[in-house]
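Have a look at the structure that comes next, please.
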Amino acid sequence: MGDVLTRVGGVVVLVCDPAGPPMRTEGDAMDVIAVALGDDAEWVAVPAERLGEGFFDLSTGIAGQILQKFTSYQRRLVVTGDISAHLARSTALRGLVAECNRGRHVWFLDDLDALRSRLEPATFRQ
């Protein structure tokens with residue numbers, strides 16, 4: 001299928017294919033960010049299965065590096081899918097996810113329908 005550019009709630013989103021290359025490093029994140037920048041996508045939806053195990057182990061620093069890249073390049077990131085097994089193993093990850101989901105730049109959501117709900121004009125303000 002490949003990555004797809006779409007509109008969700010009136011916002012341009014690059015939806016990454018679950019079967020695409022894993023995002024395990026800052027360089028991998030930059031590859032996706034470059035596509036988003038080229039396509040004027042404000043949001044990038046990355047399926048959780050594309051993120052390496054190291055992303056969910058906060059002691060590796062990989063999540064921080066990847067999230068910082070998205071922030072630095074002013075692209076918003078949504079991780080979609082079931083991450084409950086990772087959350088069950090890490091209090092720190094649960095805290096990060098809760099904090100991110102209260103903000104407007106990085107979200108961890110179940111699916112694109114949840115993203116659509118959050119991006120509805122009545123609920124999402126730039």
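Where a number appears in this text, it was derived from the coordinates with a stated rule and is not lab data. Values in this document were obtained by computation on a predicted structure and should not be read as measured data. All Cβ positions, even for glycine, are placed from backbone atoms using ideal geometry, and neighbour counts span all protein chains on display.
Scanning for something part of a helix (DSSP H, G or I) and within 14 Å of the chain's Cα centre (by Cα), does the stretch 5-25 turn up at least one residue? Break it down into steps so the answer makes sense when it comes.
From the stretch 5-25, those part of a helix (DSSP H, G or I) are none; that's our starting set.
No; the residues of the stretch 5-25 include none that is part of a helix (DSSP H, G or I) and within 14 Å of the chain's Cα centre (by Cα).
Going by the structure shown, is R50 under 21 Å from P22 (Cα atoms) and among the basic types (K, R)?
Considered against the rule, which asks whether it is under 21 Å from P22 (Cα atoms) and among the basic types (K, R), R50 comes out as yes.
State whether the residues of the stretch 80-103 include one that is surrounded by 12 or more Cβ atoms within 10 Å (Cβ to Cβ) and within 19 Å of D3 (Cα to Cα).
Yes; the residues of the stretch 80-103 include at least one that is surrounded by 12 or more Cβ atoms within 10 Å (Cβ to Cβ) and within 19 Å of D3 (Cα to Cα).
Can you pull out every residue in the stretch 60-116 that is among the charged types (D, E, K, R) and in a strand (DSSP E or B)?
Residue satisfying the conditions is R76 alone.
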